[in-house]
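In what follows, a structure is listed as structure tokens, so that the remarks can point back to it.
The values are calculated or read from the model by the stated rules, or taken from the named source; none is laboratory data. Quick caveat, the model's predicted, so the values are computed rather than measured. No Cβ is skipped: glycine too gets one built from the backbone with ideal geometry, and neighbour counts run over all protein chains shown. Heads up: the accessible areas ignore ligands, DNA and RNA and are worked out on the full protein's heavy atoms, side chains in. Shrake-Rupley method; radii C 1.70, N 1.55, O 1.52, S 1.80 Å.
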Amino acid sequence: MAVNITSIKTASNGIWQHDNPLNFAFPLLIIQTTLILLLSRVLSFLLKPLRQPKVIAEIIGGILLGPSALGRNSAYMNRLFPPWSTPIMETVASVGLLFFLFLVGLELDIRSIRRTGRRAFSIAAAGISLPFAGGVGVAFVLRNKVPGADQAGYLPFLVFMGVALSITAFPVLARILAELNLLTTPLGETALSAAAFNDVAAWVLLALAVALSGAGQHTSPLASVWVLLSGLGFIAVQIWPVRPVMTWVARRAEEEGVESEAWICLTLAGVLVSGFATDFIGIHSIFGAFVFGLMVPKEGEFCGRLMERIEDFVSGLLLPLYFASSGLKTNVAAIKGAEAWGLLALVVGTSSVGKIVGTSVVAVACRMPVREAITLGVLMNTKGLVELIVLNIGKERKVLNDEIFAIMVLMALLTTFITTPTVLALYKPARSTNLPNQRKLQRSAASSPSSVVDDSQELRILTCVHGPRDVPGLINLIETIRFATPKSRLKLYILHLVELTERSSSLTMARRARRNRLPFRNPLRRDSPRDQVAVAFEAYAQMGRLRVRPMTAVSAMLTMHEDVCAVADEKCVSLLILPFHKRWLGGEVENLGHAWRAVNQRVLRNAPCSVAVLVDRGLGRAGSAREICVVFLGGPDDREALELAGRMAEHPGVGVTAVSFVSEGPNITLRPSEKKSSEERYTFSTAVMDREREKELDEAAVAAFRRRTDGAVKFEERETGAAGVLETVLGIGRSGRYQVVVVGKGRFPSVTVAELAGRVAEHPELGPVGDALTSSASGVVSSVLVIQQHDVVHSEETPVSMVLNGEAKVIDVKEEVSG
């Protein structure tokens with residue numbers, strides 16, 4: 001039954017006045033939006049292990065909501081997505097699309113594209129030309145085979161098909177590169193530059209296609225010419241009058257800082273006006289928003305501030321509506337019979353082969369390795385949002401019918417879906433493999449028990465930071481270490497860890513860094529948390545006259561440890577400091593989540609140097625005079641902790657107490673076990689160790705520590721069993737006398753630590769003693785520093801059994817086994 005949309009009211013009077021909210025525009029839009037967001041988020045969560053971009057989940061969600069799946073139920077469609085609601089939802093979605101294309105324009109820096117030179121341009125030209133020609137060839141086949149396809153104009157149909165097959169979705173490609181940690185590699189930079197060329201060319205071709213499709217039977221053939229000329233005039237106006245004005249606006253906004261609301265509102269109004277102008281000309285309104293985004297200057301903080309103001313609302317709320325509206329138009333059932341599915345295979349094959357072959361051949365000619373060239377071709381075959389925009393415009397202009405539209409949507413979905421797994425199979429970027437002489441603090445004692453560590457060598461420390469709240473505690477910790485080394489011989493690297501999301505500002509920050517390991521350059525906002533981190537450490541460097549280099553790692557959580565380890569390897573650091581994933585703020589505990597804990601765990605397994613995990617319980621609030629207690633139970637990790645405490649003892653404002661536990665117990669051996677371990681158990685190494693040699697090294701380390709501190713340290717030696725050790729250590733942490741308690745992780749356990757292996761762990765990555773001090777039920781008030789000495793032997797996890805007095809006793813623990 002036909003419905004007059006002008007008779008539809010916006011809001012209902014409520015159920016108590018016998019109004020059904022689903023019969024009114026705004027309540028129905030709320031329900032539709034909620035359903036779309038929930039479904040897209042669920043699908044995104046399910047596809048996350050496959051490392052698919054969010055756009056895949058949103059496209060699939062739209063298809064499921066449409067006539068291909070749930071829409072087969074007419075009651076569902078008529079109630080939740082009635083025909084009269086389609087124009088309303090599409091209007092709201094179009095507003096989101098308009099501002100999203102403005103964001104795409106903000107992401108594209110024309111000057112950086114120009115700097116990439118002929119190589120990227122040649123690759124992009126080949127990546128467009130061959131699939132465009134293939135698309136024209138496929139168009140001839142589709143017009144002959146698909147019923148009703150010949151109703152559209154010949155030239156517009158050919159151009160739309162050519163554009164649809166040759167386009168590369170720049171926003172989706174950037175997010176795939178970010179997810180694969182390739183965004184700042186040479187391959188990623190080439191792919192982005194070529195995709196940027198491709199994107200600009202695609203919009204020009206799309207404008208041509210729209211202009212041609214607007215010339216119908218009742219319009220003059222010259223109309224398309226006038227549309228194209230008007231479009232060129234619009235671009236000229238944007239380049240000359242508008243661009244200088246936006247440069248002036250950006251400069252004024254940066255000068256006014258937080259008082260720049262008026263300039264941001266003016267810019268957003270400019271997006272709407274530009275969209276109206278191109279729609280008035282006869283080109284789609286998104287073209288105007290895209291070009292206007294290109295005109296906004298990319299330097300400075302104004303561009304980043306614009307992104308942060310609009311990206312969450314646009315990408316998180318409005319854009320999924322556009323995918324849903326596309327899905328509601330997509331009816332997979334329209335692809336009937338083997339011939340139709342064969343046409344789908346033809347379209348997918350032509351698009352993929354044309355893009356991959358065209359791109360890779362020219363890339364090889366530009367002296368790129370064959371494997372990288374093929375990978376680049378696969379990346380350039382990414383479709384997604386931009387493809388859907390082209391297809392939707394084609395359907396609106398009646399150039400594409402239902403069957404061809406469904407075929408092309410599935411083509412976009414399939415080509416984008418296979419990109420990530422294909423790239424993972426083809427390409428793995430090489431990492432730096434520096435092999436510096438020093439990988440730990442306690443260097444010489446390992447080779448000569450009687451030697452003394454030479455502090456004249458340069459000490460390099462890498463400190464990771466999650467956010468501004470980590471800064472005070474980390475600065476106070478570093479302050480206690482630096483006095484042991486001449487100021488000119490201490491080099492401090494600060495690595496701010498930023499989670500890479502699909503937000504435009506996150507991607508822009510990653511690309512501005514150029515490489516994941518370069519220092520901060522042109523931060524997006526002066527008052528942003530990441531800039532506060534850099535400013536705080538730079539101020540500390542100036543006051544302490546230290547060499548400090550702030551850096552950033554913008555990475556997906558799954559690959560962030562690779563960046564951390566790569567920086568530690570490249571910079572040849574001896575100590576890597578990680579903040580614990582929990583923070584104690586007053587009486588409350590702030591948990592950053594399992595993802596950050598997993599990052600720490602992976603760094604501990606893969607770090608090329610010694611690692612210290614700081615559990616901060618108010619260290620940042622400590623005064624200049626600090627008390628530190630180091631617990632020594634024996635083993636390589638504890639020797640490293642003792643070495644660090646010896647350096648701290650040289651600070652005039654730090655008092656150090658060393659407590660050494662001597663235990664004589666049964667001979668305990670850890671062996672591999674077939675029984676599977678639990679996530680709540682500790683990890684140990686079963687590497688073959690000479691216990692007598694280890695005892696000698698422990699005694700030598702203690703002797704060297706006492707000689708080095710020369711009475712400046714209070715040294716206590718206690719003899720007790722495992723249970724007594726734990727209670728004593730917990731008593732030290734609960735006393736409140738010490739700001740920091742330093743312990744070794746104990747991966748190569750002494751007899752005392754091995755006896756603690758059966759405890760149920762809360763934080764197994766910290767070892768038995770560190771976990772006991774960090775446990776939420778421990779009552780400990782001191783901050784804790786857990787040290788793991790670097791071991792060159794690769795480790796894997798496996799269950800172990802403990803052999804006590806010759807009798808095997810299997811315990812459920814994990815083990816780090818030498819590989």
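Looking at region 417-453, which of the residues that are at pLDDT below 85 and part of a helix (DSSP H, G or I) is surrounded by the most Cβ atoms within 10 Å (Cβ to Cβ)?
Ala445
Please state which one of Ile31, Ile63 is within 30 Å of Pro421 (Cβ to Cβ), assigned by the TED database to the domain that holds Lys329 and among the β-branched types (Val, Ile, Thr).
Working: Ile31 fails: within 30 Å of Pro421 (Cβ to Cβ).
Residue meeting the stated conditions: Ile63.
How about region 545-587: which of its residues are over 27 Å from Ala178 (Cβ atoms) and either surrounded by fewer than 17 Cβ atoms within 10 Å (Cβ to Cβ) or hydroxyl-bearing (Ser, Thr, Tyr) (or both)?
Arg545, Arg547, Ser574, Leu585, Gly586, Gly587, listed by residue number.
For Glu254, indicate whether it is over 30 Å from Asn144 (Cα atoms), acidic (Asp, Glu) and surrounded by fewer than 21 Cβ atoms within 10 Å (Cβ to Cβ). Even if it seems obvious, please write down each step before you answer.
Working: over 30 Å from Asn144 (Cα atoms): yes; acidic (Asp, Glu): yes; surrounded by fewer than 21 Cβ atoms within 10 Å (Cβ to Cβ): yes.
Yes; evaluated as a whole, the condition is true for this residue.
For region 118-131, check the following and say yes or no: at least one residue is farther than 19 Å from Ala195 by Cα and free of Cβ contacts under 8 Å to residues at least 60 places away in the same chain.
Keep residues of region 118-131 that are farther than 19 Å from Ala195 by Cα, which gives none.
Scanning region 118-131, I find no residue that is farther than 19 Å from Ala195 by Cα and free of Cβ contacts under 8 Å to residues at least 60 places away in the same chain, so the answer is no.
Among all residue pairs at least 6 apart or on different chains, which show Cβ distances below 9 Å where the first residue, located in region 201-230, is farther than 23 Å from Leu391 by Cβ and the second is modelled with pLDDT of 80 or more and open to solvent by 50 Å² or more (accessible area, probe 1.4 Å)?
Ser220/Trp226; Ser230/Phe280
Quick check on my filter: what residues within region 132-176 are within 43 Å of the chain's Cα centre (by Cα) and among the charged types (D, E, K, R)?
Matches in region 132-176: Arg175 only.
So which strands (runs of 3 or more DSSP E) stay within region 607-686 end to end and still have 3 or more residues that are at pLDDT 75 or above? Step through it out loud before you land on a result.
Values: elements: 610-615, 626-632, 654-662, 668-672, 683-685.
Qualifying strands (runs of 3 or more DSSP E): 610-615, 626-632, 654-662.
A quick yes/no check of all residues on (1) open to solvent by 30 Å² or more (accessible area, probe 1.4 Å); (2) part of a helix (DSSP H, G or I); (3) of a type in the set (A, V, I, L, M, F, W, C):
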residue	(1), (2), (3)
Phe26	yes, yes, yes
Leu39	yes, yes, yes
Val42	yes, yes, yes
Leu46	yes, yes, yes
Leu64	yes, yes, yes
Trp84	yes, yes, yes
Ser94	yes, yes, no
Leu103	no, yes, yes
Leu106	no, yes, yes
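Among the listed residues Ala612, Ala641, Ala598, Ala649, identify the single one that is open to solvent by 10 Å² or more (accessible area, probe 1.4 Å) and in contact (Cβ under 8 Å) with a residue 60 or more places away in the chain.
Details: Ala612 fails: open to solvent by 10 Å² or more (accessible area, probe 1.4 Å); Ala641 fails: open to solvent by 10 Å² or more (accessible area, probe 1.4 Å); Ala598 fails: in contact (Cβ under 8 Å) with a residue 60 or more places away in the chain.
Just one listed residue meets the conditions, Ala649.
Identify the residue in region 1-13 that is exposed (fewer than 11 other Cβ atoms within 10 Å of the Cβ) and in a loop (DSSP other than H, G, I, E, B) and, among all such residues, is modelled with the lowest pLDDT.
First, the residues of region 1-13 that are exposed (fewer than 11 other Cβ atoms within 10 Å of the Cβ): 1-2, 4, 6-7, 10.
Filter once more, keeping what is in a loop (DSSP other than H, G, I, E, B): 1-2, 4, 10.
Values: Met1: 47, Ala2: 55, Asn4: 63, Thr10: 89.
This residue is Met1.
Residues being open to solvent by 60 Å² or more (accessible area, probe 1.4 Å), modelled with pLDDT of 80 or more and among the aliphatic types (A, V, I, L, M): count how many of those fall in region 187-230.
So the answer is 4.
Picking from Ala345, Ala324, which residue would you name as being surrounded by fewer than 17 Cβ atoms within 10 Å (Cβ to Cβ), among the small types (Gly, Ala, Ser) and assigned to a helix (DSSP H, G or I)?
On the way: Ala324 fails: surrounded by fewer than 17 Cβ atoms within 10 Å (Cβ to Cβ).
The unique qualifying residue is Ala345.
List every residue pair whose Cβ atoms lie under 6 Å apart, where the two residues are 6 or more positions apart in sequence or sit on different chains, the first residue falls within region 763-788 and is more than 25 Å from Leu575 (Cα to Cα), and the second residue, located anywhere, is open to solvent by 10 Å² or more (accessible area, probe 1.4 Å) and of a type in the set (Phe, Trp, Tyr).
The qualifying pairs do not exist here.
Determine if region 795-808 includes at least one residue that is modelled with pLDDT of 70 or more, open to solvent by 10 Å² or more (accessible area, probe 1.4 Å) and either farther than 30 Å from Val713 by Cα or not assigned by the TED database to the domain that holds Gly635 (or both).
Let us first name the residues in region 795-808 that are modelled with pLDDT of 70 or more, namely none.
No, region 795-808 contains no residue that is modelled with pLDDT of 70 or more, open to solvent by 10 Å² or more (accessible area, probe 1.4 Å) and either farther than 30 Å from Val713 by Cα or not assigned by the TED database to the domain that holds Gly635 (or both).
Among the residues of region 13-52 satisfying the criterion of being basic (Lys, Arg) and without any contact (Cβ under 8 Å) to a residue 40 or more places away in the chain, which is farthest from Thr415 (Cα to Cα)? Working first, answer last.
Initially, region 13-52 is screened for residues basic (Lys, Arg), giving 41, 48, 51.
Within this subset, residues satisfying the condition of being without any contact (Cβ under 8 Å) to a residue 40 or more places away in the chain are 41, 48.
On the way: Arg41: 21, Lys48: 18 Å.
Once the filter is applied, the top-ranked residue is Arg41.
Regarding Leu414, is this residue aliphatic (A, V, I, L, M), modelled with pLDDT of 90 or more and open to solvent by 10 Å² or more (accessible area, probe 1.4 Å)? Give the steps one after another, and end with the answer.
Details: aliphatic (A, V, I, L, M): yes; modelled with pLDDT of 90 or more: yes; open to solvent by 10 Å² or more (accessible area, probe 1.4 Å): yes.
It is true that Leu414 is aliphatic (A, V, I, L, M), modelled with pLDDT of 90 or more and open to solvent by 10 Å² or more (accessible area, probe 1.4 Å).
Here is a check on your reading of the model: is Gly275 of a type outside the set (A, V, I, L, M, F, W, C), at pLDDT 90 or above and crowded, with 24+ Cβ neighbours inside 10 Å? Before you say what the answer is, go through the steps one by one.
Details: of a type outside the set (A, V, I, L, M, F, W, C): yes; at pLDDT 90 or above: yes; crowded, with 24+ Cβ neighbours inside 10 Å: yes.
Yes.
Which of the residues that make up region 382-402 are part of a loop (DSSP other than H, G, I, E, B) and buried (at least 24 other Cβ atoms within 10 Å of the Cβ)?
At the first step, the residues of region 382-402 found to be part of a loop (DSSP other than H, G, I, E, B) are 382-384, 397-401.
Thr382, Lys383, Gly384, Val399, Leu400 - these are the residues of region 382-402 that are part of a loop (DSSP other than H, G, I, E, B) and buried (at least 24 other Cβ atoms within 10 Å of the Cβ).
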